[in-house]
Each structure stands twice: as C-alpha cells, then as structure tokens.
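Asker: Before we start, here is the structure in question, set down as structure tokens.
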Amino acid sequence: MAKIWANSGDSHLVEPQDLFTANLPADLADRMPRAVKDPDGEWETVFVDGESFRRKLPKIEQVMATMARPEDAVDDPIIRAPGANDPTLRLKDLDEEGIWAEVIYPSLGIWAFNIKDPLLLREGVRVLNDWALDFQNHSSRYICCASVPLLDVNDAVAEIERAASCGFHAGFLPVRPPFGRPPWQDPEWDPMWAAFAETGLVIGFHIGTEPHKPDERTGVYHRGRGGAVLNYVETTYGGQRAVCQLIACGALDRHPDLRVLVSEGGATWGPFIADRMDEAYRQHGAAVRPKLSKLPSRYLYEQVYASFQHDRSAVAAAAAMGWKNVLWGSDYPHYEGTFGHTQKVLHELFDDVSPDLRQRITVGAFEELFPHVPPAPEGEPREPTP
Ligand code: MN
C-alpha cells in the first residue's frame with residue numbers, strides 16, 4: 001500500500017517536569033501545573049495554583065492494544081510515543097506514521113487555565129511559550145500553539161503580540177474562558193480577537209479544555225452507567241459552542257481574516273451548527289443582535305476549520321455537505337489518537353475518496369491555514385525532509 005502523508009491539525013507536546021522550577025522563582029514555580037502519578041499508575045493528581053484534582057489514567061495494556069507496534073509503547077499511558085517530548089525523535093515517529101506537519105498544543109499548559117493569579121499566569125505562560133518556541137524551531141513541520149494568559153485581556157493581547165513577533169503562527173485557547181471571566185461573546189474579549197486578526201495567528205480551540213472548578217475531576221460530567229462514553233461525547237460540545245459564540249457576537253464578521261481551528265472534536269458538526277445558526281438568525285431575526293453582514297453559516301464555512309482523527313462521517317462533511325475546511329489530525333501522542341496505526345486509519349478513511357478530496361482533507365486545508373509549511377511528500381518514494 002502506498003503511504004498516505006497527512007498534516008495533523010491536532011498534536012501535542014509534553015513539557016519537561018522541571019520546566020517551571022528551572023525558569024521561574026520558586027514561589028511561582030511551586031504553583032504552576034504539575035501532574036503526579038499514584039504509585040500504582042491508575043490515577044494521577046494535578047496540582048495547580050494551590051488546588052488539586054484527580055484523573056484516572058488509561059491502562060498501558062489498553063493503549064498497547066490499539067498499536068500496530070505495541071513494542072514501541074513507552075511505559076506511560078499519556079506520553080506513549082517515543083518522540084513525544086523530543087523534537088528530533090519526534091520527526092522519526094512522524095515519518096514512520098506518515099504525519100507531515102503538525103499543529104501542536106501544550107499538555108501541562110492546558111491546566112494553566114485553572115490558575116487564579118494573573119501575575120503567576122502571565123509569567124508561567126511566558127515560560128510555556130518560550131519552551132514551545134524552542135521546540136518549534138527544530139523543524140518547519142512543527143507549528144506550536146502559543147498559550148494565552150486569559151485572566152486579563154490586556155495580558156492576553158500583549159502575549160499574542162509577543163508570540164507573533166517571535167515566530168508563532170497559532171495561539172491556543174480553551175473552549176471556555178477561565179472561571180469568573182465572561183463568555184467569549186462578551187465585548188471584553190474584543191481586543192483579543194482584534195489581536196489575533198492583526199497578527200495573523202490562527203486561533204486553535206482544543207476540545208476538552210474547559211477550566212474546571214477546584215477539586216472537581218476534570219472532564220467528568222457524568223458518573224456511573226454510560227459515563228465513559230457520555231463524558232467523551234460531552235468534550236466535543238465546547239468547541240462547537242466557542243465557534244457559535246465567535247460568529248454570533250460578530251467577531252468573525254469584524255475580522256474577515258481571522259481563522260479558527262477546532263481540534264479533536266470531529267467535523268461533521270460544522271454543517272449542522274451552520275444550519276442551526278442560520279435558522280436562528282432568520283426565524284428569530286427581530287431579536288438578533290448584532291446584525292451580521294452575511295448569514296452565520298458563511299462565517300463557519302469560510303473562517304472555521306475542524307480536525308478529526310477516526311470519524312468516518314467527517315469526510316462526508318467535505319464531500320457531501322460542502323464544508324471544505326475539514327482536516328485530519330493524529331492527536332499524537334495521546335491515546336485517543338492514531339499513533340501506531342496511522343496508515344491503517346488513513347487508508348480506511350481515504351482509499352475510496354477522490355484524490356482531490358483526499359488531498360484537501362489530508363494536506364490542503366492545513367496548508368491554507370499555514371501556507372509557510374513545506375509541502376507534504378507524496379507516497380513513499382520521496383525522502384522526508386526536516
Ligand atoms: Mn488533541
């Protein structure tokens with residue numbers, strides 16, 4: 001079988017354990033996010049800014065069962081891939097899998113949205129971003145997302161401008177603002193949308209990143225019967241809501257160059273949400289404010305992109321429903337992702353799809369967001385280049 005090369009709209013890096021202690025004064029470093037596993041490896045506790053919460057880890061056997069080469073699994077269910085936190089080894093992983101360029105989100109950085117102290121957040125985010133930039137500088141195939149301090153919109157704008165000036169092409173936002181901050185449609189955030197638009201940074205919303213209440217288990221919305229499936233499905237709604245908020249408040253109308261990527265949440269929801277927003281805009285027109293220059297669906301079809309990893313129906317969103325901004329994502333190195341079976345997934349998804357559509361979903365939509373990335377190889381013969 002010929003190798004299918006694909007760009008990934010959803011990948012992660014894993015920050016080193018000593019990142020904050022090595023780069024911040026002790027009183028700040030102590031309060032930055034830190035994950036500590038139980039001795040039996042079944043649970044871990046995440047400590048952030050004086051609070052902590054627990055989360056259950058997948059069993060390593062479950063992780064290995066999904067891998068084509070289980071011997072490659074590292075003994076850590078979260079990191080799991082040999083090159084997860086090594087920018088040189090990572091290229092080897094990617095070349096084997098057939099993954100070309102990647103949008104790369106933080107790992108520890110996701111917990112930073114639970115920080116309550118604006119100074120701690122501002123300083124901590126700078127450290128996260130400086131490290132991510134260093135990682136990005138190893139290869140033109142890496143597009144690391146800058147984290148954004150969201151407790152003060154002026155801090156957010158300043159860090160977006162700093163990130164753009166030092167070489168970032170994307171910024172990472174949680175699907176919901178930190179607790180106590182207004183929702184994304186609130187005018188308070190307007191300067192931040194303007195900063196994204198003016199700097200050209202793509203906004204990357206990664207699903208499942210809602211800041212949570214202290215001592216709450218992260219990602220747990222349902223318990224008991226059906227909980228695992230219900231919780232996983234629940235994670236997808238936050239990205240859809242964030243997109244609706246940006247469209248309904250007019251942010252995408254005011255900034256036609258602003259581009260938004262929703263990672264890991266599938267893609268078939270796009271056309272459905274677009275129809276739903278149009279219906280609201282027309283049928284409830286008397287109550288709608290602000291008025292937009294186009295129907296809401298147009299912003300979604302033109303300025304919003306979404307990545308999926310396994311969903312068979314996502315291809316149809318581009319093929320049959322006309323949303324061309326569907327792109328694939330590996331979720332490397334996470335256990336929901338395709339590491340170890342990427343080629344199997346890509347062939348199952350795209351063997352029966354026309355070459356043009358396959359090109360669009362695996363490569364083209366990504367290149368539209370990040371035109372500076374070197375073109376992906378085609379098939380096996382061409383040697384991957386760094
Ligand atoms: Mn992901």
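The values are calculated or read from the model by the stated rules, or taken from the named source; none is laboratory data. On a predicted model such as this, the values are computed, not experimentally measured, just so you know. Neighbour counts are summed over all protein chains in view; Cβ atoms, including those assigned to glycine, are modelled from backbone coordinates with ideal geometry. Side chains included, ligands, DNA and RNA excluded: accessible areas come from the protein's heavy atoms. Shrake-Rupley method; radii C 1.70, N 1.55, O 1.52, S 1.80 Å.
Asker: Ratio to report: Rg/Rh of segment 273-386, with Cα atoms as the point set and Rh obtained by the Kirkwood method; give two decimals.
Answerer: Here Rg/Rh amounts to 1.07.
Asker: From the Cα trace of segment 143-202, what convex hull volume per residue do you get, rounded to a whole Å³?
Answerer: About 73 Å³ per residue, rounded to a whole number.
Asker: Here's something else I'd like to know. Cα convex hull of segment 131-254: how many Å³ per residue?
Answerer: Given the Cα convex hull of segment 131-254, per-residue volume reads 128 Å³.
Asker: Continuing with this model, one more query. Taking segment 198-276, which trypsin sites (Lys or Arg not before Pro) meet the DSSP loop condition and have no more than 10 other C-beta atoms within 10 Å?
Answerer: Qualifying residues, ordered by number: R223, R225.
Asker: Under the definition of Cα pairs under 8 Å and six or more residues apart, what whole-number percent is the relative contact order of segment 100-239?
Answerer: For segment 100-239, the relative contact order is 22 percent.
Asker: Ok, one more. Give me log10 I(q)/I(0) at q = 0.15, 0.29, 0.34 Å⁻¹ for segment 317-357, Debye formula, one equal scatterer per alpha-carbon, no solvent.
Answerer: -0.44, -1.02, -1.13
Asker: I'd like the distance separating the alpha-carbon centroids of segment 180-205 and segment 288-367, in whole Å.
Answerer: About 23 Å separates the Cα centre of segment 180-205 from the one of segment 288-367.
Asker: Same structure again: Looking at the chain from every direction and averaging, what is the projected area of its Cα convex hull in nm²?
Answerer: 19.0
Asker: Quote the accessible area belonging to T88 in square angstrom, nearest 10, computed with a 1.4 Å probe and with ligands, DNA and RNA left uncounted.
Answerer: Accessible surface of T88 is approximately 100 Å².
Asker: Evaluate the distance, in nm, between pseudo-label points positioned 7 Å from the Cα of A319 and of V36 along their respective Cα→Cβ axes.
Answerer: The modelled label-to-label distance comes out at 5.1 nm.
Asker: Counting only protein chains, not ligands or nucleic acids, how are D311, D40 ordered by accessible area (probe 1.4 Å), most first?
Answerer: D40, D311
Asker: Using a 1.4 Å probe on the protein heavy atoms, what percent of the accessible area of the chain belongs to carbon and sulfur?
Answerer: Solvent-exposed carbon and sulfur of the chain make up 53 percent of the total.
Asker: Here is a follow-up. Once you put a point 7 Å from the Cα of D278 and another 7 Å from the Cα of H341, both along the Cβ direction, what distance in nm separates them?
Answerer: If labels sit at D278 and H341, their model points lie 3.7 nm apart.
Asker: How big is the accessible area of E378 in square angstrom, nearest 10, if you roll a 1.4 angstrom probe over the protein chains?
Answerer: Here the residue's solvent-accessible area equals roughly 140 Å².
Asker: Report the semi-axes of the equivalent ellipsoid for segment 192-335 in whole Å, largest first, where each axis is √(5λ) for an eigenvalue λ of the Cα gyration tensor.
Answerer: They are 26, 18, 17 Å, listed largest first.
Asker: Additional query: Residues of the chain: accessible area per residue at 1.4 Å, in Å²?
Answerer: Ligands and nucleic acids excluded, the figure is 42 Å² per residue.
Asker: How much of H212 can a 1.4 Å solvent probe reach, expressed as accessible area in Å² and rounded to 10?
Answerer: Accessible surface of H212 is approximately 20 Å².
Asker: Could I ask something else about it? If you rank Y335, Y281, Y305 by how much accessible surface each has, with a 1.4 Å probe, what is the order from largest down?
Answerer: The ordering from most to least exposed comes out as Y335, Y281, Y305.
Asker: Still on this model: Between E378 and N137, what's the calculated FRET efficiency when r is the beta-carbon distance and R0 is 35 Å? Round to 0.05.
Answerer: 0.85
Asker: Which one, G124, G167, G266, has the greatest fluctuation when you compute a Gaussian network model over the chain with C-alpha springs under 10 angstrom?
Answerer: So, out of G124, G167, G266, the one fluctuating most is G167.
Asker: With each run of n ≥ 4 DSSP H residues scored as -39500 (n - 2.57), what mean residue ellipticity at 222 nm is computed for the chain after dividing by its residue count and rounding to the nearest 500 deg cm²/dmol?
Answerer: When only DSSP H runs of four or more count, the value is -11000 deg cm²/dmol.
Asker: How big is D for segment 247-286, in µm² s⁻¹ as a whole number, if Stokes-Einstein is applied with the Kirkwood radius of its Cα pairs at 10 °C and 1.306 mPa s?
Answerer: In µm²/s, the coefficient is 135.
Asker: In what order, largest first, do H255, H206 sit by accessible area if the probe radius is 1.4 Å?
Answerer: Sorted descending by solvent-accessible area, the residues read H255, H206.
Asker: Relative contact order (percent) for the chain, with alpha-carbon contacts under 8 angstrom and 6 or more residues of separation?
Answerer: 21
Asker: Taking springs between alpha-carbon atoms closer than 10 angstrom, which of F113, F179, F339 fluctuates most in the Gaussian network model of the chain?
Answerer: Of F113, F179, F339, the most mobile in the Gaussian network model is F179.
Asker: Moving to a separate point now. Using the Karplus curve 6.51 cos²θ - 1.76 cosθ + 1.60 with θ = phi - 60°, what ³J(HN,Hα) values do you get for each residue of segment 4-9, in whole Hz, with x for Gly and Pro?
Answerer: With coefficients 6.51, -1.76 and 1.60, one gets 9, 8, 9, 6, 10, x Hz.
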